[in-house]
1. To check my understanding: the extent here is largest minus smallest coordinate of the Cα atoms along each principal axis. What are those three numbers for region 77-125, in Å, largest first?
2. Could you tell me the extents of region 47-200's C-alpha atoms along the three principal axes, largest first, rounded to whole Å?
3. Rounded to a whole number of µm²/s, how large is the Stokes-Einstein D of the chain at 10 °C and 1.306 mPa s, given Rh as the Kirkwood radius over C-alpha pairs?
4. Based on the Cα atoms of region 133-261, what semi-axes does the equivalent ellipsoid have, where each is the square root of 5 times one gyration tensor eigenvalue, given in whole Å with the largest first?
5. In percent, how large is the relative contact order of the chain, given Cα pairs closer than 8 Å and 6 or more residues apart?
6. Would you mind putting 79-90, 261-272, 122-133 in packing order, based on average other-beta-carbon counts within 10 Å, highest first?
7. Compute the distance in nm between two label points, each set 7 Å from the Cα along the Cα-to-Cβ direction, one at Ser24 and one at Asp277.
8. Rg and Dmax of region 212-277, using alpha carbons, in Å: what are they?
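Quick note: the coordinates plus some simple rules give every number you see, no bench work behind them. Just so it is clear, the model here is predicted, and its values are computed rather than measured. Quick reminder, even Gly has a Cβ in these numbers, built from the backbone with ideal geometry, and neighbours come from all protein chains shown.
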Amino acid sequence: MTELISIATQIRRDIVRMVHGASSGHPGGSLGCADFLTALYFKIMKHNPSFNMDAPNEDVFILSNGHISPLYYSALARSGYFDIKELATFRKLNSRLQGHPATHEHLPGIRIASGSLGQGMSVAIGAALSKKLNGEENLVFSLHGDGELDEGQIWEAVLFAAHHKVDNLISTIDWNGQQIDGPTEKVMNLGNIRQKFDAFGWTTLEMNGNDMDEVVATLEKAKSLTGQGKPIAIMMHTSMGKGVDFMEGTHEWHGIAPNDEQLARALKQLPETTLGDY
Ligand SMILES: Cc1ncc(C[n+]2csc(CCOP(=O)(O)OP(=O)(O)O)c2C)c(N)n1
Ligand SMILES: [Mg+2]
């Protein structure tokens with residue numbers, strides 16, 4: 001557990017350094033979901049960093065809220081998909097690390113373009129059904145923002161997954177209560193999203209997404225509930241900007257870069273680990 005927490009801290013350092021280096025990007029959601037993606041890539045998922053697009057006999061992760069790409073790229077590099085030095089090219093001209101993930105650049109680990117919100121659950125369902133057709137036992141994980149649930153396509157996918165018993169799918173919702181323009185309840189009130197997923201026929205779980213013990217335990221529990229005829233959704237409470245006090249809990253840091261002074265203040269709160277900076 002200590003090791004996972006340390007990896008998450010290094011990944012948070014990567015996030016703020018990458019966004020600062022590019023003078024653009026999305027630190028808020030990236031920092032909030034850092035514990036979740038660390039647990040997934042370093043403990044929970046069966047995956048192979050010598051990347052195969054078709055993912056035979058391995059688990060698949062689909063990032064639907066593609067704007068949190070700094071987190072995604074760091075988790076991929078840190079788990080061996082590509083050299084961590086490449087993180088320095090984030091959002092630079094001709095980089096494989098575009099602001100939103102795309103397949104065109106052939107960056108190992110990326111299986112779909114995302115950033116246009118609402119599409120990832122449909123893709124994840126397709127991947128999960130393919131696994132079943134191929135007779136593979138592996139699982140498909142997806143991650144979505146809560147603001148992303150404003151997209152109608154999500155609810156079509158939620159209906160479809162329950163009807164077709166896509167029980168090898170674990171979708172997680174980053175329930176941080178914030179989105180680009182403000183708190184979700186002001187922009188478009190979502191109500192109790194757990195009750196909504198329950199009503200649509202999913203098995204639901206809830207966790208504090210910024211407590212590594214709880215994240216690992218809940219993901220293990222979710223895995224144990226697969227194969228029972230229902231898709232699984234995890235309502236993940238996180239704090240946007242988690243780990244950097246002045247970025248925490250506000251939509252203000254959804255999509256802006258820290259300046260030099262803010263970067264220094266952020267890095268002080270996220271001490272460099274034995275993994276080292278890129
Ligand atoms: C189809 C589509 N509509 C609008 C946007 C613009 N947009 C980017 S991020 C965002 C807010 C998403 O909120 P949430 O999923 O909660 O992410 P968070 O701010 O918590 O990281 C919006 C509306 C988009 N990327 N795609
Ligand atoms: Mg949100």
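1. Between the extreme Cα coordinates on each principal axis of region 77-125 lie 33, 24, 14 Å.
2. The Cα atoms of region 47-200 stretch 44, 43, 22 Å along their principal axes.
3. Values: Rh = 18.5 Å.
After rounding, the answer is 86 µm²/s.
4. In descending order the semi-axes read 29, 17, 12 Å.
5. Details: 571 pairs, mean separation 74.4, N = 278.
For the chain, the relative contact order is 27 percent.
6. 122-133, 79-90, 261-272
7. 2.4 nm
8. In order Rg, Dmax, the Cα atoms of region 212-277 give 17.1, 52 Å.
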